[in-house]
Amino acid sequence: MKNKDGDIIYIGKAKALRNRVSQYFGSQSNHGIKVRKMVENVHDFDYILVSTEFEALVLECSLIKQHHPKYNILLKDDKGYGYIKVTENGWPTITAEKQKQEDGAVYYGPFASAGYVSKAVRDAKAIFGLPTCSKHFPNDINRNTRPCLHFHIKTCAAPCCGKMSKQEYMDAHRNALSLLVNGDAEIMRNLKNKMQEAAENLEFEKAARLRDQIASIQKTWQKQSVVAVRSGLQDVFAVADGRLKSCLCVLRYADGKLYDSQCFVFDRLESPEEDRLRLITQFYSMRDDIPERVSIDQMPADMELLEEWLREKRGKKVQIFIPKQGEGLKLIALAVQNATEKLSKSTGMNERSVRVLDDLKLTLGLQTDPRYIEAYDISHTAGSQTVGGMIVYMDGKPLKSAYRKFSVHGIENDDCAAMAQVLTRRLDEYFMTDNKESGFGKLPDLILLDGGKGEIHAVESVLKRKGLHIPLFGMVKDSKHRTRAIATTGDEISIQDNRPLFNMIAEMQEEVHRFAITYHRQKRKKDTLTTTLTQISGVGEKRAKALLKHFGSLKAVQNADLQSLYAVEGLSRPAAEAIYDYFHRSETNGENDD
């Protein structure tokens, strides 16, 4: 499929071209945002006829790799291969490298994962006490009088301070390299033989050191879970789906041990079977190390075709499994857990929030995901100093930067009218704001009101006048002011049986109440202080506010001397003296009495 500029934006294969194209250009309500956007940009399309399904799959993989279309799922592999580099000098070093250079050093590899190589080199050096710093030996020996922290935590033997001889260094170097290149089995046999020999020669300190190295290898190198199917190579695929994104996790095993994991986040899958086929083919299109066994969480489309493609690419048979029980199912669960964790981090939502918002969508019958929720409450004292509070929850968490306060004007003892005024002003701000991505410029997916049918009817009329269709519900409390249910214009929806959803609604209702009543108390206190000052001759509301702004509190005004009062902007000398006399009158009278 091509856009109007002739750029390829999507590549796919189909057994029946007419049916496949009809899926895209049929009812758009069945597709996600990505597909709808793609269809909007399709201006033309080409097709190529091939002899077999296998040929179609090979051609699809080749063309996707060649053109990188915008609307295909594109897995970006940024891990690369890794090498172990060994310098050949008097005091040889071992480092992890991503590229092989022509520098006279010896390189081992390539290994499948550069990250795995870096960790392995770091662990091997720590086990045998080799330095990880940039010092050069023997030039930097004894330049430091005291060893660094690595010596004290027993991850470096401090050759820079002369605490490790060259012979000891060379032995440690050979052991570390053997561990990295030959694996832990061979080095474990050698170390155990040397420990036994040292013990027989009564070299107990050396034997103890070798014992600690063996224990470190067992702890660091052999701590991975061994899979039941001890094949040479095995990959485990699993996908976690969010509301807008999906994540593929691939766990890679060699000789029964996990040696690498890779996760890819992309737009949410629409056709799990077809998309799994594309994900697996694209993953192996980027690499040549095809395993003999592949485990998948769900059945892909054309499984036999996929096996044939993998066999052709590997040159040997490849088995594909969908584990239903036992150790294989545990590995799938581990891959799903990793995919879910990666998806949560990339979207900023944890698994609990995803589930609760899905439940909220289902319970309220919403058409869109309630990612951006606004909640409102009214607070006043016997109808006076009425205020409104607006809080925002984004992806199930408070977004405090979007909280807003409203001072209600001209309304007393009418919560419904006050709520209508608050929502009217909030929506007026939306139409006046150019930036539609944040703040008042962003419309909510759901509005919740602290109240019942009266508040809902009042705000419904506001939404209707503004021509907006936003889901609107109330949060109802019981006689003890605790959350009871969600209100609609006709009835109430009980949420007490769904504890996570109930807790979130109760939390939002408590939060909006706290926010509104806090603002009301601040306003009432400020109005009270202002009223106290306006009782003084020559002080009006404007001067009272200026005094409170200048001094910060009524007590500070009361304790101020005349010079401080004279310094207040807009305050005349007679007014300043009147304020001083008002708060110090009793003190003056006391002095006269004496």
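The values are calculated or read from the model by the stated rules, or taken from the named source; none is laboratory data. Predicted, not measured: the structure shown is a model, and the values here were computed from it. Here the Cβ is made from the backbone with ideal geometry for all residues, glycine too, and neighbour counts use every protein chain on show.
Key figures
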read-out: Search result, residues across the stretch 537-565 that are more than 26 Å from H380 (Cα to Cα) and either of a type in the set (G, A, S) or touching an Asp or Glu at 6+ places or on another chain (Cβ under 9 Å) (or both); value: S537, G538, H550, A556, A560, L562, S564, L565
read-out: Set L331, L310, L360: member being closer than 30 Å to A56 by Cβ and in a helix (DSSP H, G or I); value: L310
read-out: Those residues of the stretch 493-514 which are in contact (Cβ under 8 Å) with a residue 40 or more places away in the chain and farther than 25 Å from R404 by Cβ, in sequence order; value: I493, I495, N498, P500, L501
read-out: Answer residue from the stretch 466-475, given it is over 18 Å from T368 (Cα atoms) and touching a residue at least 12 places away in the same chain (Cβ under 8 Å) and is surrounded by the most Cβ atoms within 10 Å (Cβ to Cβ) among those; value: M475
read-out: Failed criterion for S295 (all others in (1) touching a residue at least 60 places away in the same chain (Cβ under 8 Å); (2) within 22 Å of F54 (Cβ to Cβ); (3) more than 25 Å from the chain's Cα centre (by Cα) hold); value: (2)
read-out: Criterion (touching a residue at least 60 places away in the same chain (Cβ under 8 Å), among the charged types (D, E, K, R) and farther than 30 Å from H520 by Cβ) met by exactly one of D359, D377; value: D359
read-out: Every residue from the stretch 435-486 that is small (G, A, S) and farther than 18 Å from T363 by Cα; value: S438, G439, G441, G451, G454, A458, S461, G467, S479
read-out: Selection status of V294, in contact with a Ser or Thr (Cβ under 8 Å, 6 or more places away or on another chain) and either surrounded by 15 or more Cβ atoms within 10 Å (Cβ to Cβ) or assigned to a helix (DSSP H, G or I) (or both); value: no
read-out: Residue in the stretch 347-368 that is modelled with the highest pLDDT, counting only those that are among the polar types (S, T, N, Q) and surrounded by 14 or more Cβ atoms within 10 Å (Cβ to Cβ); value: T363
read-out: Qualifying position, being touching a Cys at 6+ places or on another chain (Cβ under 7 Å) and surrounded by 15 or more Cβ atoms within 10 Å (Cβ to Cβ), among A418, A402, A375, A339; value: A339
read-out: Members of the stretch 148-157 that are modelled with pLDDT under 85 and buried (at least 17 other Cβ atoms within 10 Å of the Cβ); value: H150, F151, T155, A157
read-out: Residue in the stretch 138-182 that is nearest to A120 (Cα to Cα), counting only those that are in contact with a Pro (Cβ under 6 Å, 6 or more places away or on another chain) and either outside the structural domain of A120 (by TED's automatic domain parsing) or not aliphatic (A, V, I, L, M) (or both); value: H173
read-out: Helices (runs of 4 or more DSSP H) fully within the stretch 483-563 counting 2 or more residues that are in the same structural domain as K400 (by TED's automatic domain parsing); value: 499-534
read-out: Lone unmet requirement of (1) closer than 22 Å to F473 by Cα; (2) in a helix (DSSP H, G or I) for S401; value: (1)
read-out: Identity of the residue in the stretch 378-399, among the aliphatic types (A, V, I, L, M) and touching a helix residue (DSSP H, G or I) at 6+ places or on another chain (Cβ under 6 Å), that ends up surrounded by the fewest Cβ atoms within 10 Å (Cβ to Cβ); value: V392
read-out: Residue under evaluation L448, criteria (1) outside any helix (DSSP H, G or I); (2) over 34 Å from the mean Cα position of the chain (by Cα), criterion not met; value: (2)
read-out: A485 farther than 25 Å from D395 by Cα and over 30 Å from the mean Cα position of the chain (by Cα); value: no
read-out: Test: residue in the stretch 365-376 that is under 19 Å from F266 (Cβ atoms) and in the same structural domain as Y403 (by TED's automatic domain parsing); value: yes
